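The values are calculated or read from the model by the stated rules, or taken from the named source; none is laboratory data. Everything numeric in this text was worked out from a predicted model, so none of it was measured. Please note: Cβ atoms are built from the backbone with ideal geometry, for glycine as well, and neighbour counts cover all protein chains shown. Side chains are part of the model used for accessible areas, which takes the heavy atoms of the whole protein and leaves out ligands, DNA and RNA. Shrake-Rupley method; radii C 1.70, N 1.55, O 1.52, S 1.80 Å.
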Amino acid sequence: MKSNTVIFSALFLTWLTLVNGSPAPLKVGKLTKATNVTWLSYNFKTILSWGPKPVNYTYTVEFSRVGKDKQRNPHCIETTETECDLTNELENKGVYTAEVLSETLRGMVSDHVELPYTRSKTFCPYNDTLIGRPEFSLTMSKDKKIVLIIRDPITAKHKNGNYMTIRDIFKKNLKYQISYNKAGSTGKKIRIVDGSKEEFKLDEGQSYCFSVAAYIPSRKGDKMNGEWSLPKCSPQEHKTLFDEYGLPVIGGAALIILAFVIAVIVLIVVCCKRAQRPTTLPKETVV
């Protein structure tokens, strides 16, 4: 009997110690749902962002490919940040949705039976990421053609330890739009090309200005075009008079000028001779 009492007392004291040694759970109010859950993607660098900044609670991001199980990025669990980098979690042609859950801090309890969350719109990197402005150079070929060489933009995706270009991802689906016009003119023309090199046979001696943008015809609406590059202009060729007008025209103009000079000289000589001729006064008549 005494042994049972001792055991019971020991168990009671152990329970009491655990209870008194543990902090009482703190109660929090209503959790705020995330707002403005938005995909931001530039050259396949993809960030999920939302608001507001949490106070006394955290966020956890869950994402899933359509028809697949939900996943979590370890850097976006119980976080106080309002963005999550999912670049390396998403397959290029996959279609995804994400949910941002509002959670209590550890050690706190809430009246919520189910954690409040906000779901994003669907997102596909291949169709939705914004393609940045490409760089390009202008050179002049020996046969007086303007040669435009485009450098494919680099993406945030890796393959075999190297960054991939947009051509590595889009392959034959990548084209470029080239806008060009005479320097000082507002009338622009558009040429769509498949490769990264294009030649232009335009008016010789004229300066032309060019801009370039990636063009993905499989996309919809304004997502087909990437950002336009900054414009670049070809140098204006400075021709000599012989190149510009030719020997016959210049020779004819020289003859006309020479004839005019000779005529002026002859006219001056004639006028001078007349001015030097003595004048004869009439004799006076005596009455």
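Below, the figures for the structure above:
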{"read-out": "Criterion: surrounded by 15 or more Cβ atoms within 10 Å (Cβ to Cβ), out of contact with any Asp or Glu (no Cβ under 6 Å at 6 or more places or on another chain) and not polar (S, T, N, Q) - qualifying residue of GLU135, GLU83, GLU99, GLU114", "value": "GLU83"}
{"read-out": "Test for GLU135: is it under 22 Å from VAL55 (Cβ atoms), charged (D, E, K, R), touching a Lys or Arg at 6+ places or on another chain (Cβ under 7 Å) and at pLDDT 95 or above", "value": "no"}
{"read-out": "Residues of region 30-65 classified as loosely packed, with under 14 Cβ neighbours inside 10 Å and in a strand (DSSP E or B), total", "value": "3"}
{"read-out": "Test set (1) buried (at least 18 other Cβ atoms within 10 Å of the Cβ); (2) at pLDDT 95 or above; (3) part of a strand (DSSP E or B) - ALA156 fails condition number", "value": "(1)"}
{"read-out": "Residue check, PRO153 in contact with a strand residue (DSSP E or B) (Cβ under 7 Å, 6 or more places away or on another chain), farther than 30 Å from PRO52 by Cβ, touching a residue at least 40 places away in the same chain (Cβ under 8 Å) and not β-branched (Val, Ile, Thr)", "value": "yes"}
{"read-out": "Where LYS93 falls short, out of the listed (1) charged (D, E, K, R); (2) closer than 28 Å to GLU227 by Cβ; (3) exposed (fewer than 13 other Cβ atoms within 10 Å of the Cβ); (4) in contact with a strand residue (DSSP E or B) (Cβ under 7 Å, 6 or more places away or on another chain)", "value": "(4)"}
{"read-out": "Region 215-229: number of residues that are open to solvent by 20 Å² or more (accessible area, probe 1.4 Å) and either part of a loop (DSSP other than H, G, I, E, B) or not charged (D, E, K, R) (or both)", "value": "9"}
{"read-out": "Residue among LYS239, LYS232 that alone is modelled with pLDDT of 90 or more and open to solvent by 50 Å² or more (accessible area, probe 1.4 Å)", "value": "LYS232"}
